[in-house]
Each structure stands twice: as structure tokens, then as C-alpha cells.
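The block underneath contains the structure these notes are about, expressed in C-alpha cells.
We did not get these values from a lab; they are worked out from the coordinates using the rules stated. Because the structure is predicted, anything quoted here is derived from the model rather than measured. Methodologically, a virtual Cβ is constructed for each residue, glycine included, from the backbone with ideal geometry; neighbour enumeration extends over all protein chains shown.
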Amino acid sequence: MFDDSTLQSLVWLDYRLAVIFTVIVPLILLIWAFVQKFEAVQRLLVIYWRVASLLAITVYLAIASLPISFLTGGLARILIPISLWFWVDLNDEIDDAPRKPLKWVLTSWRWAITVYCFLGVLFQLPAFSCATLSREEVISTTTCRVWLEAPWGYKAMFHPNTPTELLGFLGIVGLVAYVLCLLYFAFVRLAKQGRSAMG
């Protein structure tokens with residue numbers, strides 16, 4: 001579909017957009033919500049950060065070139081919009097709140113990240129085949145390797161002296177914990193509380 005240089009440019013653009021939409025903006029919104037004492041937004045963003053932690057886990061899996069990182073990255077893009085729109089009580093409370101800049105920015109961000117995640121999943125579809133390869137094949141295949149360059153750059157910047165295997169192990173531990181929490185939510189909490197975030 002794309003030549004190697006174009007794909008590389010688009011993947012790096014995707015990572016830059018991810019930093020903006022999934023880290024910087026929600027962090028600003030969370031701080032803003034605490035300053036404004038807007039509890040529904042605080043609650044929504046705490047849920048968001050729990051769900052979006054799968055992106056951080058994916059980075060550590062990708063640092064170790066683990067093929068499963070291609071699946072977890074795609075799953076994160078699916079779960080994030082769901083986590084932002086799923087809760088009936090929070091949606092109602094935010095909708096009923098007075099029109100303030102925080103409410104407008106939050107709503108704009110929710111729509112923007114929903115569109116970004118949807119387009120991101122479509123863009124990443126060809127890379128999902130990398131999840132079926134061995135670690136060595138992932139590293140040697142150009143279309144897979146290009147998705148690992150940003151996580152490798154992250155390692156060089158923040159963990160230059162940490163063994164790659166250790167970071168990959170931490171990613172695996174994080175993924176196991178994430179899956180256990182997700183299963184608990186799906187089979188216990190959701191059955192008890194439904195679409196109510198406040199219980």
C-alpha cells in the first residue's frame with residue numbers, strides 16, 4: 001500500500017498524534033477537572049487512564065519486539081473510545097453540566113480521540129499480521145520493524161541502560177495484570193453495576 005519511507009513517516013506521525021491525544025490532552029483535562037472540582041470528568045478520566053495503560057504496556061512489549069504488541073496496540077485503540085462513552089451516569093452528568101470551557105474541550109477531545117482511534121485501527125490493520133510472526137521475523141520484516149522504531153527510541157531516551165529483556169518482562173507482567181482486571185470487570189463488576197461508573 002505504501003512504500004517504506006512513506007509508511008515510516010506515517011507511523012511516526014501516528015506515534016506523535018498518540019502522544020498528543022492519549023497522553024498530553026487527557027493529562028491536562030484531568031488536572032483541569034481537579035481544579036474545577038468537576039467530579040464526573042475526574043471519574044471519567046481516571047477510568048480512561050486505567051484503560052489507556054494498555055498503550056504503555058504495548059510500548060514495553062514493543063521494546064522487546066514481542067509480536068503480541070501489535071495486537072495489544074490495536075486492542076487499546078478499540079477499548080479507549082468505549083471507555084469514554086460507555087458510562088450512562090457520567091455521560092448524563094456531563095451533558096447536564098453548565099456550558100463551560102472544560103466541558104467543551106472534554107467533548108471535543110472525546111470525539112477527536114474516537115475518530116483518531118478508529119482511523120488508527122484501520123491504518124494498523126496490515127501490521128496485525130506481524131503478530132503471527134516470530135520475534136526474529138518481526139525484527140527482520142520492514143513493515144513490522146517500522147512500528148517498533150518509536151518504542152526503541154523511547155527505550156534509548158528513558159531506559160538506555162536497562163536490559164531489553166527486563167523491559168519486555170515488565171510488559172508481560174503488566175499485560176497479565178491488565179487482562180485479569182479486564183476479566184474481573186467483564187464478568188463481575190459489569191454484571192453487578194451495568195453501565196454505571198458510580199455503582
**Q.** Selected residue (criterion: farthest from the chain's Cα centre (by Cα)) from residues of the stretch 1-47 that are closer than 22 Å to Ala97 by Cβ and crowded, with 20+ Cβ neighbours inside 10 Å
**A.** Phe38
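Results for (1) within 17 Å of Ile20 (Cα to Cα); (2) of a type in the set (A, V, I, L, M, F, W, C), shown as yes or no for each residue.
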{"site": "Ile57", "(1), (2)": "no, yes"}
{"site": "Gly74", "(1), (2)": "no, no"}
{"site": "Asp96", "(1), (2)": "no, no"}
{"site": "Ser108", "(1), (2)": "yes, no"}
{"site": "Ala131", "(1), (2)": "no, yes"}
{"site": "Ser134", "(1), (2)": "no, no"}
{"site": "Leu148", "(1), (2)": "no, yes"}
{"site": "Trp152", "(1), (2)": "no, yes"}
Q: Could you list, in sequence order, all residues of the stretch 35-48 that are in a helix (DSSP H, G or I) and in contact with a helix residue (DSSP H, G or I) (Cβ under 7 Å, 6 or more places away or on another chain)?
A: Gln36, Ala40, Val41, Gln42, Arg43, Leu44, Leu45, Ile47, Tyr48
(Q) Is it the case, given these coordinates, that Leu190 is within 20 Å of Thr72 (Cα to Cα) and of a type in the set (A, V, I, L, M)? (A) no
Q) So which residues in the stretch 1-17 are in contact with a helix residue (DSSP H, G or I) (Cβ under 7 Å, 6 or more places away or on another chain) and either among the hydroxyl-bearing types (Ser, Thr, Tyr) or within 24 Å of Trp49 (Cβ to Cβ) (or both)? A) Asp14, Tyr15, Leu17
Q. If you check every pair at least six apart or on different chains, which have Cβ atoms under 8 Å apart with a residue in the stretch 148-175 that is assigned to a helix (DSSP H, G or I) first and a residue that is loosely packed, with under 14 Cβ neighbours inside 10 Å second?
A. Leu148/Ile139; Lys155/Thr162
**Q.** Given (1) closer than 22 Å to Leu61 by Cβ; (2) out of contact with any Ser or Thr (no Cβ under 7 Å at 6 or more places or on another chain), number of the condition Leu148 does not satisfy
**A.** (2)
Q | Search result, residues across the stretch 84-113 that are within 28 Å of Val146 (Cβ to Cβ) and either basic (Lys, Arg) or under 13 Å from the mean Cα position of the chain (by Cα) (or both) | A | Ile113
Q: Check the stretch 164-185 and report whether any residue there is of a type in the set (S, T, N, Q) and either under 18 Å from the mean Cα position of the chain (by Cα) or surrounded by fewer than 13 Cβ atoms within 10 Å (Cβ to Cβ) (or both).
A: no
**Q.** Residues satisfying the stated conditions in the stretch 186-199, i.e. in a helix (DSSP H, G or I) and either over 22 Å from the mean Cα position of the chain (by Cα) or among the hydrophobic types (A, V, I, L, M, F, W, C) (or both)
**A.** Ala186, Phe187, Val188, Leu190, Ala191, Lys192, Gln193
